[in-house]
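Accompanying notes for the structure given below.
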Amino acid sequence: MSNIPEGYKQTEVGILPEDWEVKKLEEVGEALIGLTYSPSDVASEGILVLRSSNIQNGMLSFGDNVYVKSEVPDRIMVRTGDILICVRNGSRDLIGKSTVLDNRANGMTFGAFMSVFRSTYTKYLAHFFKSHIFLSQVEQHLGATINQITNASIYSFIAPLPPLPEQHAIAEALADADALIAAQERLIAKKQAIKQGAMQELLTGRRRLEGFEGVWDIRPIGELLKIRHGKNQREVEVSDGTIPILATGGQIGVAATPLYSKPSVLIGRKGTINKPQYIEKPFWTVDTLFYSEILGDNSAKFLYYVFTNIDWMQFNEASGVPSLNARTIEAVEIACPLPAEQHAIAVILSDMDAEIEALEQRLSKMRALKQGMMQELLTGRTRLI
């Protein structure tokens with residue numbers, strides 16, 4: 001007995017509505033090869049070359065730009081509605097990532113590790129290229145050894161195509177979801193900017209909280225906390241422990257015994273030295289990650305925010321892998337209020353962090369909901385028409 005619902009059919013991409021088609025991408029559009037250029041072609045201005053770094057969270061981004069001064073054929077100057085796809089990258093996770101180009105990309109081109117797909121079905125296909133249906137085909141093509149997809153690969157991939165009115169309805173619904181996500185991202189960016197401004201004011205004493213007055217002392221960090229070395233985790237690491245073992249990149253295991261149990265500021269001794277961490281629960285750190293012992297009534301959270309406001313790379317003491325010395329950290333001088341004001345400032349900034357974290361959690365849920373919508377709409381499980 002068939003498990004296929006009435007009105008549906010079995011296809012190469014799964015069960016689809018009977019009135020949907022399945023086509024190879026070569027039947028519905030054209031894939032273009034990107035520009036090959038040499039280091040001598042790169043300039044501080046000219047024609048912007050879109051690369052994988054110009055795709056952030058599925059959106060067009062201009063935070064990391066490269067320009068060329070050479071002439072570029074009209075054929076590979078991008079157009080509004082082109083779908084930009086990463087086809088080759090040192091990080092395999094980026095291969096297949098895409099975004100649809102809007103009018104901000106006019107007058108730009110794209111690099112050899114990228115491809116552009118042009119089609120009359122752009123609004124619908126822009127979402128298809130971000131779907132599990134497309135990305136799973138990319139993963140199957142890459143296999144264990146291949147580190148790129150080619151235009152021939154793209155042409156061979158297949159896509160479910162509903163009738164045009166349903167394509168438009170699906171594209172509109174998913175575009176509405178994208179708009180909500182973009183609005184949430186802008187709100188988070190605004191809140192982060194507000195917090196950054198508050199840090200600059202509160203951590204320097206330019207802005208004082210109500211009830212506090214008096215001049216702040218300039219003191220070396222070593223008068224407020226002591227930098228301590230992490231230790232080898234081999235003797236304490238277990239499979240069922242509850243104590244996190246931390247390195248500069250994050251948690252690397254669990255231990256049965258803590259190295260330190262009070263609130264602490266952590267900072268890299270070697271490797272990543274410019275990303276301080278804060279922890280309140282018991283922990284263990286390895287040798288590449290310093291922890292701190294807070295002196296007296298000083299606020300660990302306040303000092304953490306101070307640490308994040310310092311450019312630690314200027315204190316790098318190695319020509320190779322970045323390194324910090326404990327005595328160097330303790331010698332850095334900062335403006336510091338009395339503990340009561342430290343704690344009050346830390347509460348304000350912590351509340352801002354909590355608000356941003358809540359907004360980021362909502363953003364994650366919105367992205368997950370959109371993925372669910374795509375799975376439903378691009379397979380015809382949910383019909384809009």
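The values are calculated or read from the model by the stated rules, or taken from the named source; none is laboratory data. Model, not experiment: these values are computed from the prediction. All Cβ positions, even for glycine, are placed from backbone atoms using ideal geometry, and neighbour counts span all protein chains on display. Side chains are part of the model used for accessible areas, which takes the heavy atoms of the whole protein and leaves out ligands, DNA and RNA. Shrake-Rupley method; radii C 1.70, N 1.55, O 1.52, S 1.80 Å.
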Only one of 363, 378, 369, 349 is touching a Pro at 6+ places or on another chain (Cβ under 9 Å), modelled with pLDDT of 95 or more and either open to solvent by 30 Å² or more (accessible area, probe 1.4 Å) or on the phi < 0 side of the Ramachandran plot (or both); which? 378
Residue by residue through segment 228-250, note down the ones that are touching a residue at least 24 places away in the same chain (Cβ under 8 Å) and either surrounded by fewer than 19 Cβ atoms within 10 Å (Cβ to Cβ) or part of a loop (DSSP other than H, G, I, E, B) (or both). 228, 229, 230, 231, 232, 233, 236, 244, 248
Can you tell me which of 253, 296 is touching a Pro at 6+ places or on another chain (Cβ under 9 Å) and either under 16 Å from residue 231 (Cα atoms) or open to solvent by less than 50 Å² (accessible area, probe 1.4 Å) (or both)? 253
Condition set touching a Leu at 6+ places or on another chain (Cβ under 9 Å) and assigned to a helix (DSSP H, G or I), scope segment 330-345, selection farthest from residue 302 (Cα to Cα): answer is 330
Pull out all pairs, ordered by first then second residue, where Cβ-Cβ is under 7 Å, the residues are six or more apart or on different chains, the first lies in segment 117-142 and is free of Cβ contacts under 8 Å to residues at least 40 places away in the same chain, and the second is surrounded by fewer than 17 Cβ atoms within 10 Å (Cβ to Cβ). none
Which ones in segment 128-156 are assigned to a loop (DSSP other than H, G, I, E, B), open to solvent by 10 Å² or more (accessible area, probe 1.4 Å) and either touching a Pro at 6+ places or on another chain (Cβ under 8 Å) or not basic (Lys, Arg) (or both)? 143, 144, 145, 146, 147, 150
For segment 33-42, indicate whether the set of residues that are in a strand (DSSP E or B) and either without any contact (Cβ under 8 Å) to a residue 60 or more places away in the chain or surrounded by 17 or more Cβ atoms within 10 Å (Cβ to Cβ) (or both) is non-empty. yes
So how many residues does segment 193-227 have that are touching a residue at least 40 places away in the same chain (Cβ under 8 Å), loosely packed, with under 15 Cβ neighbours inside 10 Å and part of a helix (DSSP H, G or I)? 2
Filter segment 157-175 down to residues that are under 21 Å from residue 18 (Cα atoms) and small (Gly, Ala, Ser) and give me whichever is surrounded by the most Cβ atoms within 10 Å (Cβ to Cβ). 159
Over segment 260-293, the set of residues among the charged types (D, E, K, R) and either open to solvent by less than 30 Å² (accessible area, probe 1.4 Å) or on the phi > 0 side of the Ramachandran plot (or both) is none
Number of positions in segment 268-292 that are touching a helix residue (DSSP H, G or I) at 6+ places or on another chain (Cβ under 6 Å) and aliphatic (A, V, I, L, M): 1
Just to be sure before I move on: is residue 11 open to solvent by less than 70 Å² (accessible area, probe 1.4 Å) and of a type outside the set (Gly, Ala, Ser) in the structure I sent? yes
So which residues in segment 312-346 are open to solvent by 50 Å² or more (accessible area, probe 1.4 Å) and within 25 Å of the chain's Cα centre (by Cα), if there are any at all? 313, 321
